[in-house]
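The values are calculated or read from the model by the stated rules, or taken from the named source; none is laboratory data. Not measured: the values here are computed from a predicted model. Please note: Cβ atoms are built from the backbone with ideal geometry, for glycine as well, and neighbour counts cover all protein chains shown. Calculation scope for accessible area: heavy atoms of the full protein, side chains included, ligands and nucleic acids excluded. Shrake-Rupley method; radii C 1.70, N 1.55, O 1.52, S 1.80 Å.
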Amino acid sequence: MLQFIALNEDLQKVANTQLGEKPSRIAEDLLALRTWIETQPHLKARTDDQFLIQFLRGCKYSLEKAKQKLDIFFAMRTQCAELFNVTNVDDMAFRKFHNTGTLLFLPIPLNDNGPRIIFYRCNYAAQDFTLELVTQFVTALHELAMISDPYACVNGISYVLDLSKLTLQHAMLLTPMYLKKIVQFFENTLPMRVNSLTVINLSPAADHLQRIIFSCFPEKIRKRIFICGRNFDDVSSHIPRKYFPLEYGGENGSLAQLVEENNKLWDKYRNYFKGNADYGTNERLRFGKQLKFGDNLGMTGGSFRKLDVD
């Protein structure tokens, strides 16, 4: 019996029409992907239904693209484990960062049944956390969405970024090398659609930084970025005000309370993340040329074509 989170009627319709899902073929599609994994000596990957179905959905049921994205996912996590492979969500620093309320799922999806909204506010001092820890948290949050949130899995994610507290000290941590790693990881491994990215309350440092960061994004993502500054009348035409948190004049949960509620999700999936220690790649065992990430994280070796964002 298949074991993954059932979709409601509206989400199933989207999965069918936009992602190419055919419920009668899911078992066959999962078996094909699982069988391929088992024949790859270099790859030790999760094979549970919920994990694998998201790679199929994220690649619109192209089995070849799903193989490639999953392979890159584990290769990058192995070779850049300090950034992308989270195994302990009970780590004191990890939970301390969560408790700043910097990055949270909002409870009501956009338009009630659309993309999951991830709300970001730069709510910590740059010296309080390492860049590696912050990156691990961001990575883990997206992985949590992959395995627990049908709205994110089917309709994707809409980001809302409040950059009013972003300082020069925050910006100085984001080196070109780091930005390349982040962009490449999420572009090549994230099996969820990026629906939109809305930026509000730009600080002077953030205004300068966004020009640098957003220029690194793929063109598809750049077209989905909306920057409105401090005028919420402008943003309301893009994301209705009611989908913002209470602290921003909306109806979509209190950030303080959401910190506690989101903490329960980390508790619920702590064993899942512990299991991440058991998975990865061994390039010495890969058929053909090894997949390596050089200093610029450029892929050498394997013949992976660039994957679509959606």
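In segment 26-44, the qualifying residues are those that are in contact with a Lys or Arg (Cβ under 9 Å, 6 or more places away or on another chain) and outside any helix (DSSP H, G or I), and the one that is nearest to Gln290 (Cα to Cα) is His42. Residues in segment 135-171 that are touching a residue at least 60 places away in the same chain (Cβ under 8 Å), of a type in the set (A, V, I, L, M) and over 24 Å from Gln3 (Cα atoms): Val160 only. With respect to the conditions (1) open to solvent by less than 20 Å² (accessible area, probe 1.4 Å); (2) of a type in the set (A, V, I, L, M); (3) farther than 24 Å from Lys180 by Cβ, Ala145 falls short on a single one, namely (3). Within segment 179-196, the set of residues being over 14 Å from His142 (Cβ atoms) and either at pLDDT 85 or above or crowded, with 18+ Cβ neighbours inside 10 Å (or both) comprises Lys181, Gln184, Ser196.
Taking the criterion of being among the aliphatic types (A, V, I, L, M), in contact with a strand residue (DSSP E or B) (Cβ under 7 Å, 6 or more places away or on another chain) and either closer than 23 Å to Leu19 by Cβ or in contact (Cβ under 8 Å) with a residue 40 or more places away in the chain (or both), the residues of segment 103-134 that qualify are Leu104, Leu106, Leu110, Ile117, Ile118.
If I go through segment 273-292 residue by residue, how many of them are at pLDDT below 95 and under 14 Å from Val86 (Cα atoms)? Residues in segment 273-292 being at pLDDT below 95 and under 14 Å from Val86 (Cα atoms): 0 in total.
Would you mention how many residues in segment 50-88 are of a type in the set (D, E, K, R) and either surrounded by fewer than 17 Cβ atoms within 10 Å (Cβ to Cβ) or touching an Asp or Glu at 6+ places or on another chain (Cβ under 6 Å) (or both)? Counting residues in segment 50-88 that are of a type in the set (D, E, K, R) and either surrounded by fewer than 17 Cβ atoms within 10 Å (Cβ to Cβ) or touching an Asp or Glu at 6+ places or on another chain (Cβ under 6 Å) (or both) gives 3. Criterion applied to Asn123, Asn113 was being in a loop (DSSP other than H, G, I, E, B), over 18 Å from the mean Cα position of the chain (by Cα), under 13 Å from Leu258 (Cβ atoms) and of a type outside the set (Gly, Ala, Ser), and the one residue passing it is Asn123. Only one of the listed residues (Arg211, Arg270, Arg230) is at pLDDT 95 or above, out of contact with any helix residue (DSSP H, G or I) (no Cβ under 8 Å at 6 or more places or on another chain), loosely packed, with under 15 Cβ neighbours inside 10 Å and not aromatic (Phe, Trp, Tyr). That residue is Arg270.
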